[in-house]
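Here the structure is laid out as structure tokens; the discussion comes afterwards.
The values are calculated or read from the model by the stated rules, or taken from the named source; none is laboratory data. None of the values given here were measured: they were computed from a predicted structure. Cβ coordinates were reconstructed from backbone atoms using ideal geometry, including for glycine residues, and neighbour counts include every protein chain displayed.
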Amino acid sequence: MLLTIDVGNTNTVFGVHTDNEMLGSFRLSTNSTATSDEIGIMAVAYFERFGYRAEDVKACIIGSVVPQVMYSLTSAIIKYFGVAPLVVGVDVDAGLPFDPRCYETGRLGTDRALDCIAAIEKYGPPFLILDFGTATTIDAVGPDGVYVGGTIGPGLQVSLDALVSRTAMLPRVELQMPPTVLGRNTVEQIQVGVVAGYVGNMEYLIRRSKEEMGCDNIKVIATGGLSRMIARQTKMIDIVDTGLTLDGLQMVYDRNRDAKPVEIKNDIK
């Protein structure tokens, strides 16, 4: 059994895989102050809840964009699951090729690189990946499977939080799209302004990205926690795949089964 872990700014998602199939997944809040025992006990409790056993885990791979949690997380996996995890970007490379003419640094957020790796194998290039997380990113991969560029912007929840925190009278509301664009009350008007305005922004970026890529049959793939809600509001998204990052982790692990993780000392937290 393989344990894949995607550490995001808001949530950490655990995936349970066997025989190249994901059996299930669960989420914990990403907490940079959590100890290895807190993380390990919660993860084991979820395993037991779904009928799995921690001792059945034979390998683990982690992709993270939050360095502050990695010491406790990796220690938790060693202590509670008995395996030393591979860390993408430290022990193994995601293996995504870049076009230096289009993307200068040759480096990309781990989650974004994993999304692209998974989409290349599952859907084939060319494509755009829209990742609706704490930040909203767009990543473009051309017909040859090479990364050519992308965008980074505030996520939907971040935009709403900024609006509410900077205004004295506007309430915090649930993120959903009302039945009409002309809201009938303050709550609906905030929801429309945030959600519909966000959808319009994404449609513009999709159109411009496709024009700049200059090729045909570009698939638009949405992932991330809010992807299904956004996809319901536009016809420009072709595929919703919320498990893309975990699938990418499994693929990277399959390519690097013989890699050895960096030695981790005992956790002192």
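Give the number of residues within segment 15-29 that are crowded, with 21+ Cβ neighbours inside 10 Å and either in contact with a helix residue (DSSP H, G or I) (Cβ under 7 Å, 6 or more places away or on another chain) or free of Cβ contacts under 8 Å to residues at least 24 places away in the same chain (or both). Step through it out loud before you land on a result.
So the first thing to find is which residues in segment 15-29 are crowded, with 21+ Cβ neighbours inside 10 Å, and the list is 15-17.
Still in the running and either in contact with a helix residue (DSSP H, G or I) (Cβ under 7 Å, 6 or more places away or on another chain) or free of Cβ contacts under 8 Å to residues at least 24 places away in the same chain (or both): 15, 17.
Looking only at that region, the number is 2.
What number of residues within segment 31-43 satisfy the criterion of being within 18 Å of Y80 (Cβ to Cβ) and within 22 Å of the chain's Cα centre (by Cα)?
So in segment 31-43, the residues within 18 Å of Y80 (Cβ to Cβ) come out as 31, 34-43.
Next cut, within 22 Å of the chain's Cα centre (by Cα) only: 31, 34, 39-40, 42-43.
Total meeting the criteria: 6.
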For this session: Spot the failing condition for A45; the list is (1) of a type in the set (G, A, S); (2) closer than 18 Å to K79 by Cβ; (3) touching a Phe, Trp or Tyr at 6+ places or on another chain (Cβ under 9 Å), and only one is missed.
Result: (3)
For this session: Name every residue in segment 1-30 that is within 14 Å of the chain's Cα centre (by Cα) and charged (D, E, K, R), in order of residue number.
Result: D6, R27
Problem set entry | Verdict on K235 being at negative phi, touching a residue at least 12 places away in the same chain (Cβ under 8 Å) and among the basic types (K, R) | no
Problem set entry | Unique residue being crowded, with 18+ Cβ neighbours inside 10 Å and either of a type outside the set (D, E, K, R) or outside any loop (DSSP other than H, G, I, E, B) (or both) when the list is V181, V199 | V199
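Any idea which residue in segment 31-55 is nearest to Y71 (Cα to Cα), counting only those that are hydroxyl-bearing (S, T, Y), out of contact with any Ser or Thr (no Cβ under 8 Å at 6 or more places or on another chain) and surrounded by 15 or more Cβ atoms within 10 Å (Cβ to Cβ)?
Taking the candidates together, the pick is Y46.
If you take the residues in segment 202-251 that are polar (S, T, N, Q) and in contact with a helix residue (DSSP H, G or I) (Cβ under 7 Å, 6 or more places away or on another chain), which one is surrounded by the most Cβ atoms within 10 Å (Cβ to Cβ)?
At the first step, the residues of segment 202-251 found to be polar (S, T, N, Q) are 209, 217, 223, 227, 233-234, 242, 245, 250.
Checking which are in contact with a helix residue (DSSP H, G or I) (Cβ under 7 Å, 6 or more places away or on another chain) leaves us with 223, 233-234, 242, 245.
Values: T223: 24, Q233: 16, T234: 14, T242: 16, T245: 27.
Looking at the filtered set, the residue picked out is T245.
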Problem set entry | Search result, residues across segment 144-169 that are in a strand (DSSP E or B), within 17 Å of I230 (Cβ to Cβ) and either modelled with pLDDT under 90 or of a type in the set (S, T, Y) (or both) | T151
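Give the residue that is farthest from I117 (Cα to Cα), with candidates limited to residues of segment 70-91 that are among the aromatic types (F, W, Y) and either touching a Leu at 6+ places or on another chain (Cβ under 8 Å) or surrounded by 19 or more Cβ atoms within 10 Å (Cβ to Cβ) (or both).
Step one: list which residues in segment 70-91 are among the aromatic types (F, W, Y), which gives 71, 80-81.
Retained after the next criterion (residues that are either touching a Leu at 6+ places or on another chain (Cβ under 8 Å) or surrounded by 19 or more Cβ atoms within 10 Å (Cβ to Cβ) (or both)): 80-81.
Values: Y80: 29, F81: 27 Å.
The selected residue is Y80.
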